[in-house]
Amino acid sequence: MPSNKLKETNEVNDFLDNLEHPLMPIILKLRSVILTSDKKLTEHIKWNAPSFCINGDDRITMKLFPPKNVQIIFHRGAKVKAQPKEKLIDDITGLLKWVTNDRAVATFTSLEEVESKASDLKVIVKKWIEFAL
């Protein structure tokens, strides 16, 4: 199985190396949690933040500004799609705040919070990439 380092891209590494952000430890931990959730995920920079793709389609994007927290946006891409009648996935963790039935946000304000909820976040990522196609 490839290591996390092999899944990271130079584009995102360079972006993060040059990013001045007070919550950098949270950003790095979230990136690691997301990338290790599914070996099919790839990453690049979209909307001035790391974004994660499945089969080349953006599905999970970080929101880094304003720098009071780091948000993980779960979506089905930029193109408008028909809304599902129900929320795209069941979130038994309570991490997600639903914007629409196919768009949700998880918000993190501390590294401790990310570390304590990492396994829940991995479950959400796996479910999301399975159903957000």
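The values are calculated or read from the model by the stated rules, or taken from the named source; none is laboratory data. None of the values given here were measured: they were computed from a predicted structure. So basically every Cβ, Gly included, is an ideal-geometry build from the backbone, and we count neighbours across all protein chains shown. Side chains included, ligands, DNA and RNA excluded: accessible areas come from the protein's heavy atoms. Shrake-Rupley method; radii C 1.70, N 1.55, O 1.52, S 1.80 Å.
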Subject >> Structure-based [θ]222 nm, the chain - -39500 (n - 2.57) summed over DSSP H runs of at least 4, per residue, nearest 500 >> reply: -10500 deg cm²/dmol
Subject >> Coil-residue trypsin sites (Lys or Arg not before Pro) of the range 6-41, DSSP, other Cβ within 10 Å capped at 13 >> reply: Lys39, Lys40
Original post:
Of all GluC sites (Glu not before Pro) in the range 2-86, which ones are in loop regions per DSSP and have a Cβ with at most 13 other Cβ atoms within 10 Å?
Top reply: Glu20, Glu86
Subject >> Whole-percent carbon and sulfur share, accessible surface of the range 38-133, 1.4 Å >> reply: 52
Original post:
If one takes the longest principal axis of the Cα atoms in the chain, at what angle in degrees, from 0 to 90 and to the nearest 10, does the Cα axis of helix 111-131 lie?
Top reply: 50
Subject >> Sparse-neighbour loop sites [trypsin sites (Lys or Arg not before Pro); the range 47-133; at most 12 other C-beta within 10 Å; DSSP] >> reply: Lys68, Lys79, Lys81, Lys85
Subject >> Evaluated at q = 0.09, 0.11 Å⁻¹: base-10 log I(q)/I(0), Debye formula over Cα of the chain >> reply: -0.23, -0.35
Original post:
Can you tell me the accessible area per residue over the chain, all protein chains present, probe 1.4 angstrom, in square angstrom?
Top reply: 56
